[in-house]
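Heads up, the thing below is written out as C-alpha cells.
The values are calculated or read from the model by the stated rules, or taken from the named source; none is laboratory data. Computed from a prediction, not measured in an experiment: that's the story for all the values here. Every residue, glycine among them, receives a Cβ derived from its backbone with ideal geometry; neighbour counts consider all protein chains shown.
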Amino acid sequence: MQSQATRAQAINRIYGLSLVVNLIMLTLKLGVGFISGSLVMIADGVDSSLDAIANVIAMVVTRIAGLPPDEDHPYGHRRYETLAAMMVGAFLLLTASEIVQNSISRLFSGKTPEIGIPNFLVMLLALVVNLGLFFLQRREGKRLRSEVLVASSEDKRSDIMVSITVLLSLATVQLGLGWIDAVAALVVVGLIGRNAIGIIRHAANVLVDHVALDAAEVSQIALKVPHVEEVVRVRSRGSEDDIHLALLVRVAPLTPVEHTAAIADEICNQLRARINGLATIDVNFLPAHELPPDYAQIAQTEAVALGVSVHEIAIAEAEDGIMFDAHVEVDEEQTLDAAHTIVSAFEERLMHAIPDLTSVVTHIEPAHGSKPCTSCDSEAEHLAHNIMSVASQLYPEGYWHELVIRTEPAGDYSVSIHCQAQGSLLVGEVHQMAEKVEAQLRIALPDIHRITIHTEPFEAN
C-alpha cells in the first residue's frame, strides 16, 4: 500500500492540471459570455471560477491530509480531506444560488443575448475538457481512494450536463427563443444542486462518524477465528479508505494474555484480508462465563500464577467428581521440599478453582530449556545411526529425515526428527505411531532426554 505522502502527491498532480484547465476555461467563458450577454455562459464561467478555487483548497487540504498521525491527531489527518469535499459541495450550492438570482432577473427583463460562433466554439471546447477531467478524476479517485477527487469528478459530471445544456440553449436562442437562456440557467441550477447535496451528505456522514462497515459482515469474519465465541459489539467510522474499527468479542474465561493477543492478531489478519481501507483495528475481550469450564486452561492459569508450568494433563470425570493428573515443571535447582511446597499450593488453588475436583495427582519434574543446548560433536554419530535404525524398523512406511541431536546442560541429549506419512491416515493413528517410536527410543537409548517427532504428509513437499 502506498504511503499517505505519495498518495497526496498523486492527488495534487491531478488538481494542478485541473486548476490550469479551469483557469483557461473560466477566462474564455466569462469573456465571451459578457461580450455576447449570455447569462448561461456567464453562469458556467462562474462555475469554472469556483472549480478553480475548489482546486486550490483541495490541493492545500490534501497535503495536510497526507501527514502521518501525530500526538494531537492520533487517527491521522484524513478528515481534512473530508472537510475539503464538503467545501466543494458548498461552493456548488453557492454557484446554484447565483444562477437562480440572475435567471429570475433575466426572465422578468426579457433581454435577449447576442449569440455567435465564438459562443459555440468555447462551449464545445468546454464539453471536451469536462469529459476528459471527469474520466481522469473518477478513475484516479477510485484508484487512490480519495473522497475529494471523487467529489470533484461528480462536479465534472454536472459540468458536462451544464455544457450540453448551454449548447442547447445557445442553439434555441439563435432560433429566436431568447427566454430559453434564463430557463437553461435554471436547469443548470438543478444539476449543480443535486450533486452538491450528495457530496455534502457523504462528507457529513464521515464527519459525524456514520457507520462505515456492515456489522454483520465484520462479525461473520471474526467468528471464523478459533476461540472467538461471540462478537458482542462492532463499531466503525471513517471514509472508505481510512476506516477505524473496534470490536468487543467473548472468549473462554481465564484465557491467558498471550492467547488473547494471538487471537486479536488473527482477527486483524482475517479482516484486512477481506476488507479494504482498514486503518486501525482495536479488539477487546470479555469472558464467556456461560461456556463449559476448560479445566486444562484453568490449570495453566493457576500454574502461571505460581511461576511453574504444567503439561501431560489428564482429566477424568467420575461419579463423585473430577480426577486430575498432570506433570508440573519447577526450577531444577530447587530442593524437593521447596518444589513440593509450590506444587501443593498449586493443588490447593486448583481445588478452589474447580469445585467439582475430588482428586489431584501431580508429578514433579525439572523445567528444562532455561539454558541453551549446544550442538553435538562426532560422538553423536553413533546415536544418530541407532535412532534412524529404530525408527525405520518400527515404521518403515514413513520417510524419516531432518534428524537433529543436541546436548542439554545436564549432559544428556535432545532429539528432533521429521517423519513423512500417508496424508490419508487419521491424526490419532499417526500420533500412536510417533508415541510408539518415542517409547522404543527411550528404552533402547537411555541417554536421550527429550524427543520431538514432527509428522507431516508426503504431499507437504
Selection from region 188-220 of residues of a type in the set (Val, Ile, Thr) and crowded, with 19+ Cβ neighbours inside 10 Å yields 188, 189, 192, 199, 200, 206, 218
> Regarding residue 443, is this residue at pLDDT below 90 and of a type outside the set (Gly, Ala, Ser)?
Replying inline: yes
Restricted to region 288-330 and to residues being of a type in the set (Asp, Glu) and loosely packed, with under 14 Cβ neighbours inside 10 Å, the residue nearest to the chain's Cα centre (by Cα) is 290
Cβ pairs under 9 Å, 6+ apart or interchain, first in region 9-37 and at positive phi and surrounded by 14 or more Cβ atoms within 10 Å (Cβ to Cβ), second assigned to a helix (DSSP H, G or I) and not aliphatic (A, V, I, L, M), ordered by first then second residue, are 37/181
Exactly one of 146, 152, 103 is at pLDDT below 85 and either surrounded by fewer than 23 Cβ atoms within 10 Å (Cβ to Cβ) or touching a strand residue (DSSP E or B) at 6+ places or on another chain (Cβ under 7 Å) (or both), and that residue is 103
Within region 258-279, identify whether any single residue is within 29 Å of residue 355 (Cβ to Cβ), of a type in the set (Ser, Thr, Tyr) and modelled with pLDDT under 85, and answer yes or no. no
Here the qualifying pairs (Cβ atoms under 9 Å; residues six or more apart or on different chains; first in region 259-279 and under 16 Å from residue 214 (Cα atoms) and free of Cβ contacts under 8 Å to residues at least 40 places away in the same chain; second part of a helix (DSSP H, G or I) and of a type outside the set (A, V, I, L, M)) come out as 278/268; 278/272
In region 420-456, residues that are in contact with a helix residue (DSSP H, G or I) (Cβ under 7 Å, 6 or more places away or on another chain) and part of a strand (DSSP E or B) total 6
Residue set 343, 390; condition at pLDDT 90 or above, in contact with a helix residue (DSSP H, G or I) (Cβ under 8 Å, 6 or more places away or on another chain), of a type in the set (A, V, I, L, M) and assigned to a helix (DSSP H, G or I); output residue 390
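Return the only residue of 65, 58 being buried (at least 21 other Cβ atoms within 10 Å of the Cβ), modelled with pLDDT under 70, in contact with an Asp or Glu (Cβ under 7 Å, 6 or more places away or on another chain) and of a type in the set (A, V, I, L, M).
Values: 58 fails: in contact with an Asp or Glu (Cβ under 7 Å, 6 or more places away or on another chain).
Criteria check complete, one pass: 65.
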Quick check, is residue 92 touching a Ser or Thr at 6+ places or on another chain (Cβ under 9 Å), modelled with pLDDT under 70 and not β-branched (Val, Ile, Thr)? no
Could you check, for region 430-449, whether at least one of its residues is touching a residue at least 60 places away in the same chain (Cβ under 8 Å) and touching a Gly at 6+ places or on another chain (Cβ under 9 Å)? yes
Of the residues in region 368-387 that are assigned to a loop (DSSP other than H, G, I, E, B) and exposed (fewer than 14 other Cβ atoms within 10 Å of the Cβ), the one that is modelled with the lowest pLDDT is 370
**Request:** State whether one or more residues within region 427-446 are among the acidic types (Asp, Glu), more than 15 Å from residue 390 (Cβ to Cβ) and exposed (fewer than 13 other Cβ atoms within 10 Å of the Cβ).
**Result:** yes
